[in-house]
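Visitor: A single structure is presented below for examination.
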Amino acid sequence: MRRKLVAGNWKMNGSRAALAELDTIAAAAAAAPGVDVAVAVPFTLIDAASQRVPGLAIGAEDVHEADSGAHTGCVSASMVKEVGASFTIVGHSERRADQHETSHDAWAKAAAARRQGLKVILCCGETEAERDADRAERVVQAQIEKSVPDNADGSWFTLAYEPRWAIGTGRTPTLDEIAAIHAIARAKLRMLIGDAAAGVRILYGGSVTGGECGVDSGYAERRRGAGRWC
């Protein structure tokens, strides 16, 4: 059986003082040994976070697709691994929207992370216009097809469905809508990587609150002032 995974993303929030929040999360994780818990923090906090809570999986919020080179302001997978990251998020909806990243960019970053031995949470999801035009399933299938590395398997790869229209808006899909996307995502993974798809965990994220944790997964977003986890 696939182990449950609860993951959080601090985004461009946090400070060394804020790392005290991880103590509570680590205690809760220790009390639930059947659940994996992961937290992605800004690059500046990875080292301190990984040292403070060695029992938690601490990750990066993004990595560059190249292993090194003239990429001013960018951070490679080997760099975040060196300071304590065990995984990275790639293809996040905010990077697709704000930095105009493509599914090919997400694929390249996932491949770069894998080369360095990092685990990967790959994000996919449709916009509000695409949802309202009844194109959500086709959009997600296309993103998965273009983003998932050929050698993906559950030992290092996780898929997160996060509809862009549900990030920070308070509007969320129904459980049936989430289940429908998860089903087509699993089917697409099976077409791409065969039997290995059975071991890949598929998460949900987008305006997640404590009351919504009945969903079979929990890719939760940490927001300034909210601090809600699922």
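The values are calculated or read from the model by the stated rules, or taken from the named source; none is laboratory data. It should be emphasised that the depicted structure is a prediction, and the values quoted were computed from it without experimental measurement. A quick note on method: Cβ atoms are made from the backbone with ideal geometry, for glycine too, and the neighbour counts reach across all protein chains shown. Just the protein is used for accessible areas: all its heavy atoms, side chains included, with ligands, DNA and RNA removed. Shrake-Rupley method; radii C 1.70, N 1.55, O 1.52, S 1.80 Å.
Visitor: I'd like the full set of residues that are open to solvent by less than 50 Å² (accessible area, probe 1.4 Å), of a type in the set (S, T, N, Q) and farther than 16 Å from THR158 by Cα, limited to the stretch 72-105.
Guide: Answer for the stretch 72-105, where residues must be open to solvent by less than 50 Å² (accessible area, probe 1.4 Å), of a type in the set (S, T, N, Q) and farther than 16 Å from THR158 by Cα: SER76, SER78.
Visitor: Could you tell me whether ALA77 is within 21 Å of ALA29 (Cβ to Cβ), aliphatic (A, V, I, L, M) and in contact with a helix residue (DSSP H, G or I) (Cβ under 6 Å, 6 or more places away or on another chain)?
Guide: So ALA77 fails the test.
Visitor: Next question. Restrict the check to the stretch 84-94 and report whether at least one residue is among the acidic types (Asp, Glu), touching a residue at least 40 places away in the same chain (Cβ under 8 Å) and either under 24 Å from LEU5 (Cα atoms) or in contact with a Gly (Cβ under 6 Å, 6 or more places away or on another chain) (or both).
Guide: Within the stretch 84-94, one or more residues are among the acidic types (Asp, Glu), touching a residue at least 40 places away in the same chain (Cβ under 8 Å) and either under 24 Å from LEU5 (Cα atoms) or in contact with a Gly (Cβ under 6 Å, 6 or more places away or on another chain) (or both).
Visitor: For GLU128, only one of the following conditions fails: (1) modelled with pLDDT under 95; (2) closer than 27 Å to ALA66 by Cα; (3) in contact with a Phe, Trp or Tyr (Cβ under 7 Å, 6 or more places away or on another chain); (4) surrounded by fewer than 21 Cβ atoms within 10 Å (Cβ to Cβ). What is its number?
Guide: (2)
Visitor: State yes or no: is ASP216 open to solvent by 50 Å² or more (accessible area, probe 1.4 Å), closer than 29 Å to GLY34 by Cα and either at pLDDT 80 or above or not β-branched (Val, Ile, Thr) (or both)? Give the steps one after another, and end with the answer.
Guide: Numbers: open to solvent by 50 Å² or more (accessible area, probe 1.4 Å): yes; closer than 29 Å to GLY34 by Cα: yes; either at pLDDT 80 or above or not β-branched (Val, Ile, Thr) (or both): yes.
Yes.
Visitor: I would also like to ask the following. Residues to consider are ALA160, ALA187, ALA180; find the one that is among the small types (Gly, Ala, Ser), in a helix (DSSP H, G or I), at pLDDT 95 or above and under 20 Å from LEU5 (Cα atoms).
Guide: ALA180
Visitor: Mind counting the residues in the stretch 1-26 that are in a strand (DSSP E or B) and either in contact with a helix residue (DSSP H, G or I) (Cβ under 7 Å, 6 or more places away or on another chain) or loosely packed, with under 14 Cβ neighbours inside 10 Å (or both)?
Guide: Result for the stretch 1-26: 0.
Visitor: Also: Select from the stretch 151-192 the residues that are out of contact with any helix residue (DSSP H, G or I) (no Cβ under 9 Å at 6 or more places or on another chain) and under 16 Å from VAL120 (Cα atoms) and write down the one among them that is surrounded by the most Cβ atoms within 10 Å (Cβ to Cβ).
Guide: ALA160
Visitor: Please state which one of VAL148, VAL120 is buried (at least 20 other Cβ atoms within 10 Å of the Cβ), within 20 Å of ALA38 (Cβ to Cβ) and in contact with a Lys or Arg (Cβ under 7 Å, 6 or more places away or on another chain).
Guide: It is VAL120.
Visitor: Collect the residues in the stretch 101-125 that are under 10 Å from THR88 (Cβ atoms) and among the β-branched types (Val, Ile, Thr), keeping them in residue-number order.
Guide: The answer is VAL120, ILE121.
Visitor: Could you count how many residues in the stretch 27-71 are outside any helix (DSSP H, G or I), surrounded by fewer than 16 Cβ atoms within 10 Å (Cβ to Cβ) and either charged (D, E, K, R) or touching a helix residue (DSSP H, G or I) at 6+ places or on another chain (Cβ under 8 Å) (or both)?
Guide: Counting residues in the stretch 27-71 that are outside any helix (DSSP H, G or I), surrounded by fewer than 16 Cβ atoms within 10 Å (Cβ to Cβ) and either charged (D, E, K, R) or touching a helix residue (DSSP H, G or I) at 6+ places or on another chain (Cβ under 8 Å) (or both) gives 5.
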